[in-house]
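Single-structure report; data block below.
The values are calculated or read from the model by the stated rules, or taken from the named source; none is laboratory data. Since the structure is predicted, the reported quantities are computational estimates derived from the model, not experimental observations. All Cβ positions, glycine included, derive from the backbone under ideal geometry; neighbour counts span all protein chains shown. We work out accessible area using only protein heavy atoms, side chains counted, and drop any ligands, DNA or RNA first. Shrake-Rupley method; radii C 1.70, N 1.55, O 1.52, S 1.80 Å.
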Amino acid sequence: LAEEWPDLNELKLAKNNLREDGVVSVISALVHRNDAGIDSSIESNKNSSLTSLDLTDTSCRVKGAKAALMTGSLTTLRLFNNKLGSDGFREIAPLLEGGHPSIVNLDLGGNSADEDSVIILLNSVANTSQASNFLSKLLLLEIGGNKFGEKAMEALENLKKVWPKLDVAHDKPVQEGEEEEEEAKD
């Protein structure tokens, strides 16, 4: 595919039930690689033109999300509503350590991660000790539709100290006890 569409810079696959293997196959076909593996480093996965990838509601799960995050040329990645959950946030957090070298806008909303997993993700982005080989370009991180409480707000405040220009879109923090009240109303 990369040879047939060398100038492809935006791909919207939203609401196509590609699942994780389908997403990985599409990414592998579109991204120039030195090797056939999806788990190689970000720097070796550069594509000359693909900059925007919308994987909203594709059931890509963690495997597809990781493949997309390791695509070195993307500036916009939408992973909204992909059933990543708490385990998924924990698994992709290391790929976001210190931010990201190419992604400017990352949408991880609607993935039903618990608050502890959101905190792990935010702390990973804030951890610049491992990111000495790149300067993060991440300017917008969307995490609404995942649990967000007082502890996540503290992690966000720490993140803002490290990356003050990073805009993090999130749900209103839920106070302890409010969650049970909301669930009882439903």
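Considering the range 74-90, the residues that are open to solvent by less than 20 Å² (accessible area, probe 1.4 Å) and part of a loop (DSSP other than H, G, I, E, B) include one that is nearest to residue 27 (Cα to Cα), namely 74.
Which of the residues that make up the range 91-121 are under 11 Å from the mean Cα position of the chain (by Cα), part of a helix (DSSP H, G or I) and within 19 Å of residue 150 (Cα to Cα)? Listed by number, the list holds a single entry, 121.
The C-beta contact set for the range 117-128 (first residue closer than 9 Å to residue 96 by Cβ and touching a residue at least 12 places away in the same chain (Cβ under 8 Å), second residue of a type in the set (Phe, Trp, Tyr) and open to solvent by 10 Å² or more (accessible area, probe 1.4 Å), distance under 8 angstrom, 6+ apart or interchain) comprises 125/163. Residue pairs whose Cβ atoms lie under 9 Å apart, sitting 6 or more positions apart in sequence or on different chains, and linking a residue in the range 87-99 that is under 23 Å from residue 164 (Cβ atoms) to a partner that is among the aromatic types (Phe, Trp, Tyr), are 98/134; 99/134; 99/163. State which residue is nearest to residue 89 (Cα to Cα) when the search covers only the range 122-156 and only residues that are among the hydrophobic types (A, V, I, L, M, F, W, C) and part of a loop (DSSP other than H, G, I, E, B). Among residues in the range 122-156 that are among the hydrophobic types (A, V, I, L, M, F, W, C) and part of a loop (DSSP other than H, G, I, E, B), the one nearest to residue 89 (Cα to Cα) is 143.
Residue-wise test of (1) part of a helix (DSSP H, G or I); (2) at pLDDT 95 or above; (3) over 16 Å from the mean Cα position of the chain (by Cα).
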{"position": "11", "(1), (2), (3)": "no, no, yes"}
{"position": "28", "(1), (2), (3)": "yes, no, yes"}
{"position": "50", "(1), (2), (3)": "no, no, yes"}
{"position": "53", "(1), (2), (3)": "no, yes, no"}
{"position": "57", "(1), (2), (3)": "no, yes, no"}
